[in-house]
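Report on one structure; see the data block that follows.
The values are calculated or read from the model by the stated rules, or taken from the named source; none is laboratory data. Because the structure is predicted, anything quoted here is derived from the model rather than measured. Here Cβ is always computed from backbone atoms with ideal geometry, including for glycine, and neighbour counts include all displayed protein chains. The area values use the complete protein model at the heavy-atom level, side chains included, leaving out ligands, DNA and RNA. Shrake-Rupley method; radii C 1.70, N 1.55, O 1.52, S 1.80 Å.
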Amino acid sequence: MSETVNRTLQDYLDTLGDHEASNIYRLVLDEVERPMLEIMMRYTHGNQSRAAQCLGINRATLRTKLKRHNLL
């Protein structure tokens, strides 16, 4: 996964050309976090407690992240 992120981020920065990079941290997190949450919720058949356990976060944090990405 890290190689994919490395390559993708480098490609993104290369396409910026003379434009300044900004909010890269949030951009990367949003791009990775949403599909990860979608997959985990499908994997656990919507069971938030189980999804939170699989992700290694507490259920309240999972719910906050699901809301942030409009997945609730």
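Some points to look at:
- Taken over region 39-63, the criterion of being open to solvent by less than 90 Å² (accessible area, probe 1.4 Å), among the hydroxyl-bearing types (Ser, Thr, Tyr) and part of a helix (DSSP H, G or I) is satisfied by Ser49, Thr61.
- Failed criterion for Glu33 (all others in (1) open to solvent by less than 60 Å² (accessible area, probe 1.4 Å); (2) assigned to a helix (DSSP H, G or I); (3) free of Cβ contacts under 8 Å to residues at least 12 places away in the same chain hold): (3)
Residues checked against (1) at negative phi; (2) basic (Lys, Arg):
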| position | (1), (2) |
| --- | --- |
| Glu20 | yes, no |
| Val28 | yes, no |
| Val32 | yes, no |
| Met36 | yes, no |
| Arg42 | yes, yes |
| Gly46 | no, no |
| Arg68 | yes, yes |
| Leu71 | yes, no |
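- Picking from residues in region 8-21 that are open to solvent by less than 80 Å² (accessible area, probe 1.4 Å) and outside any helix (DSSP H, G or I), the one that is farthest from Ala60 (Cα to Cα) is Gly17.
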